[in-house]
Amino acid sequence: MDSEADSTSPSVQPQSEIPEVSTNPTTATPESIAVEPSNPPEIPAARFTTNPLTGAAMLEEKLEELTAWATLPNYQLDNDSECALGGLTEYAEAGAMAFHTTNQMKSLLRLPVKRKIDVKRAITVNRQQNAQAVQAFMRGDAANPACISCSKGSGPFPICVTAAGCLRGACASCHYGGEGSRCSFRKPRKFYLISAGDVY
Ligand SMILES: [Zn+2]
Ligand SMILES: [Zn+2]
């Protein structure tokens, strides 16, 4: 029995040598994590503006890009052509954005969209009259019978459309190219001011 006690006691010593090492390797990690958030944000903050057509928020950069597209010189699109920014529908919208501050465009944009843009030939919206004519076509009412010019087949749009209270009564096709004065529907300035009370 004595031999058992003797054999156990020496074996205790090596176990007690196992060190309780208190190196603190974990303290380095929290410090390095804490440093990262204190850096200022490297991603540039996105600048937002208001979409002049919908009133929703949109990227300022996108609005600038669409405005630049709409006002490109010597540029036109037809029903089937498109570019990286879109087709004729998007081009028509871009035109309205580019010239949304003009009084005539403001009046047009108050009307709901009634039809998709549709053209007989390639058009450009890089002039305010043209951009307005496009919106008048999309938001106005089909005239029946058509104005004299449209009934002769003139103008870029397939039907004669007038937008109530806008463009002094001229149709979209005649207003395109700034030739609204040729439209047989256009009202004299005095009469128009009295009847519509709009600002021109
Ligand atoms: Zn017409
Ligand atoms: Zn006309």
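The set of residues in the range 141-156 being crowded, with 19+ Cβ neighbours inside 10 Å and more than 10 Å from ligand 2 (Cβ to nearest atom) consists of Pro156 alone. Taken over the range 40-62, the criterion of being free of Cβ contacts under 8 Å to residues at least 12 places away in the same chain and surrounded by 12 or more Cβ atoms within 10 Å (Cβ to Cβ) is satisfied by Thr50, Met58, Lys62. Pick from the range 164-185 the residues that are in a loop (DSSP other than H, G, I, E, B) and under 20 Å from Lys114 (Cα atoms): which of them is nearest to ligand 2 (Cβ to nearest atom)? Looking at the filtered set, the residue picked out is Cys171.
Each row is one residue, and each column tells you yes or no for (1) at pLDDT 65 or above; (2) part of a helix (DSSP H, G or I); (3) among the small types (Gly, Ala, Ser).
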| residue | (1), (2), (3) |
| --- | --- |
| Pro14 | no, yes, no |
| Thr26 | no, yes, no |
| Thr29 | no, yes, no |
| Leu63 | yes, yes, no |
| Tyr75 | yes, no, no |
| Tyr91 | yes, yes, no |
| Met105 | yes, yes, no |
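Consider the range 167-197 and keep the residues that are over 18 Å from Ala133 (Cα atoms) and charged (D, E, K, R). The one that is modelled with the highest pLDDT is Arg189.
Of the residues in the range 128-136, at least one is under 17 Å from Ala70 (Cα atoms), more than 16 Å from ligand 2 (Cβ to nearest atom) and either out of contact with any Leu (no Cβ under 7 Å at 6 or more places or on another chain) or not aliphatic (A, V, I, L, M) (or both).
The values are calculated or read from the model by the stated rules, or taken from the named source; none is laboratory data. Computed from a predicted model, the values in this text were never measured in an experiment. Note that each Cβ is placed from the backbone with ideal geometry, even for glycine, and that neighbours are counted across all protein chains shown.
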